[in-house]
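Down below is the structure, laid out as structure tokens.
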Amino acid sequence: MEKSQIIEPTETIQLPAPSWAPALLAFGILGLLAGTFATGFFLPVWSYAVVGAIFTFFALRSFARKGRRSFYSLPREQEEIRAELPVESFGPPGRD
């Protein structure tokens, strides 16, 4: 019996780089909500909304930039490798 050979993988998994953008987005949305509902708290209401909007804008901008950068860093062409089965391995269906 022949030993099966492990061939080189044809596709790779590309993980995105770590990012602070999700945490900044959550903080920005929290600021927007606090600016909407936090009346009479420590600072004026609009200041929470402004800070939240700034954090949200920069987090979304970071998401878009990193997503675009990671997309264009992927390989454009991959080698086509097919696994062809020998014809004699197929037979008529058996009766059980």
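The values are calculated or read from the model by the stated rules, or taken from the named source; none is laboratory data. Just so we're clear, the structure is a prediction, and the values are computed from it rather than from any experiment. Cβ atoms come from the backbone with ideal geometry, glycine included; neighbour counts cover every protein chain shown.
The residue of segment 1-50 that is farthest from SER62 (Cα to Cα), among those that are of a type in the set (Val, Ile, Thr) and modelled with pLDDT of 85 or more, is VAL50.
Here segment 9-55 is the region considered, the condition is being outside any loop (DSSP other than H, G, I, E, B) and hydroxyl-bearing (Ser, Thr, Tyr), and the residue that is nearest to ARG69 (Cα to Cα) is TYR48. The residues of segment 58-83 that are of a type outside the set (D, E, K, R), loosely packed, with under 13 Cβ neighbours inside 10 Å and at pLDDT 90 or above amount to a single one, ALA64.
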